[in-house]
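Chemist: Mind looking over this structure? Questions follow.
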Amino acid sequence: MPGPLPELAPLTPGATRVLDAASRLFYERGIHAVGVDTIAEAAGVTKKTLYDRFGSKETLVVAYLQHRDARWRRHLAEELDRTPTPGIERILTVFDAAASWSDDNSPKGCSAINARAEIGDGHDGHPVFPEVSRQKVWLLDLFAELCAEAGLKDPRTTAEAMMLLYEGAIVSVGMETFAAPFASARRVAKALLDQEQ
């Protein structure tokens, strides 16, 4: 699979409580709507503990995104392990994994997209933008790798099409535009992949 996750430092019990509380609150309510006082109270720690462990709210937001990404990657890797043979079905497994992940973990859509939407244009030096970009580039590279392994004619262009379908589906989950968007994206992806063989 493309590049590893950044090294995530081990967390103390207090830091774990802070990150768990922040992750739940950021995802449910939004980053700007949740202050450090609320996070500290939900975690059962002082604000000092929060700042001692993470330094700033921005750093805590990045940690939230990195830890969610690590959980998603583990889930995806387990699903890909069930379809080890290169081919179209292995590429489509990404959509299946996203559907099962979304059901349990992302009813409001992608945490990275949601965070990016709250932060701004990405040119102000906020650390969320490079983190979100890193996550999305990783998935695009994974699609390209899977397409190359499947022997498709133009793996990178096909990967970009898969990524567009994936991103459209995850936004549709968050917007509740229609039911089962990953199933719809999978059907379109299969039709495109069948033409590329």
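The values are calculated or read from the model by the stated rules, or taken from the named source; none is laboratory data. All figures in this text were calculated on a predicted structure; none of them were measured in a lab. In this analysis, Cβ positions are derived from the backbone assuming ideal geometry, glycine residues included, and neighbour counts consider all displayed protein chains.
Chemist: Regarding A33, is this residue surrounded by fewer than 16 Cβ atoms within 10 Å (Cβ to Cβ) and either of a type in the set (A, V, I, L, M) or assigned by TED's automatic domain parsing to the domain that holds S111 (or both)?
Modeler: Details: surrounded by fewer than 16 Cβ atoms within 10 Å (Cβ to Cβ): yes; either of a type in the set (A, V, I, L, M) or assigned by TED's automatic domain parsing to the domain that holds S111 (or both): yes.
Judged against the criteria, A33 is a match.
Chemist: Another question, if that's okay. Identify, from the list D69, D141, the residue that is assigned by TED's automatic domain parsing to the domain that holds V173, among the acidic types (D, E), surrounded by 20 or more Cβ atoms within 10 Å (Cβ to Cβ) and touching a residue at least 24 places away in the same chain (Cβ under 8 Å). Quick ask: steps written out before the conclusion?
Modeler: Working: D141 fails: surrounded by 20 or more Cβ atoms within 10 Å (Cβ to Cβ).
That would be D69, the only listed residue that is assigned by TED's automatic domain parsing to the domain that holds V173, among the acidic types (D, E), surrounded by 20 or more Cβ atoms within 10 Å (Cβ to Cβ) and touching a residue at least 24 places away in the same chain (Cβ under 8 Å).
Chemist: Kindly indicate whether R74 is modelled with pLDDT of 95 or more and among the basic types (K, R). Even if it seems obvious, please write down each step before you answer.
Modeler: Numbers: modelled with pLDDT of 95 or more: yes; among the basic types (K, R): yes.
Criteria met by R74.
Chemist: Residue under question is T93, and the condition is that it be loosely packed, with under 13 Cβ neighbours inside 10 Å, without any contact (Cβ under 8 Å) to a residue 60 or more places away in the chain and either more than 19 Å from S184 (Cβ to Cβ) or among the polar types (S, T, N, Q) (or both); does it hold? Show your work before the answer.
Modeler: Details: loosely packed, with under 13 Cβ neighbours inside 10 Å: no; without any contact (Cβ under 8 Å) to a residue 60 or more places away in the chain: yes; either more than 19 Å from S184 (Cβ to Cβ) or among the polar types (S, T, N, Q) (or both): yes.
No, not satisfied.
Chemist: Which condition does D124 not pass, out of (1) charged (D, E, K, R); (2) within 22 Å of S23 (Cα to Cα); (3) without any contact (Cβ under 8 Å) to a residue 60 or more places away in the chain, if it passes all the others?
Modeler: (2)
Chemist: For P130, indicate whether it is at pLDDT 95 or above, out of contact with any strand residue (DSSP E or B) (no Cβ under 7 Å at 6 or more places or on another chain) and surrounded by fewer than 18 Cβ atoms within 10 Å (Cβ to Cβ).
Modeler: Numbers: at pLDDT 95 or above: no; out of contact with any strand residue (DSSP E or B) (no Cβ under 7 Å at 6 or more places or on another chain): yes; surrounded by fewer than 18 Cβ atoms within 10 Å (Cβ to Cβ): yes.
Considered against the rule, which asks whether it is at pLDDT 95 or above, out of contact with any strand residue (DSSP E or B) (no Cβ under 7 Å at 6 or more places or on another chain) and surrounded by fewer than 18 Cβ atoms within 10 Å (Cβ to Cβ), P130 comes out as no.
Chemist: Can you list residue pairs whose Cβ atoms sit under 8 Å apart, with the first residue in segment 156-171 being assigned by TED's automatic domain parsing to the domain that holds L139 and closer than 14 Å to D96 by Cβ and the second being outside any helix (DSSP H, G or I) and hydroxyl-bearing (S, T, Y)? Count only pairs 6 or more apart in sequence or on different chains.
Modeler: That search, which allows pairs on different chains as well, returns I170/S106.
Chemist: Looking only at segment 151-197, count every residue that is among the basic types (K, R), within 21 Å of A77 (Cα to Cα) and not in a helix (DSSP H, G or I) and tell me the total. Break it down stepwise before answering.
Modeler: Of the residues in segment 151-197, the ones among the basic types (K, R) are 153, 156, 186-187, 190.
Then keep just the ones that are within 21 Å of A77 (Cα to Cα); that gives 156, 186, 190.
Narrowing the set further to residues that are not in a helix (DSSP H, G or I) leaves none.
Number of matching residues: 0.
Chemist: Give the residue, chosen from A112, A148, A117, that is in contact (Cβ under 8 Å) with a residue 12 or more places away in the chain, small (G, A, S) and in a helix (DSSP H, G or I). It would help to see each step written out before you state the result.
Modeler: Details: A148 fails: in contact (Cβ under 8 Å) with a residue 12 or more places away in the chain; A117 fails: in contact (Cβ under 8 Å) with a residue 12 or more places away in the chain.
Checking each option against the conditions leaves just A112.
Chemist: Return only the number of the condition from (1) within 27 Å of G87 (Cβ to Cβ); (2) over 17 Å from the mean Cα position of the chain (by Cα) that D124 does not satisfy.
Modeler: So the condition that D124 fails would be (1).
Chemist: Can you tell me which residues in segment 175-197 are under 22 Å from the mean Cα position of the chain (by Cα) and without any contact (Cβ under 8 Å) to a residue 24 or more places away in the chain?
Modeler: Answer for segment 175-197, where residues must be under 22 Å from the mean Cα position of the chain (by Cα) and without any contact (Cβ under 8 Å) to a residue 24 or more places away in the chain: E176, T177, F178, A179, P181, S184, R187, V188.
Chemist: Quick one: count up the residues across segment 36-56 that are surrounded by 17 or more Cβ atoms within 10 Å (Cβ to Cβ) and part of a loop (DSSP other than H, G, I, E, B). Don't jump to the end; show me each part of the working.
Modeler: Initial filter on segment 36-56 (surrounded by 17 or more Cβ atoms within 10 Å (Cβ to Cβ)): 39-40, 43, 45, 49-50, 53-54.
Remaining after also requiring part of a loop (DSSP other than H, G, I, E, B): 45.
Qualifying residue count, segment 36-56: 1.
Chemist: On the basis of being among the basic types (K, R) and without any contact (Cβ under 8 Å) to a residue 60 or more places away in the chain, does R24 make the cut?
Modeler: Working: among the basic types (K, R): yes; without any contact (Cβ under 8 Å) to a residue 60 or more places away in the chain: yes.
So R24 fits the description; yes.
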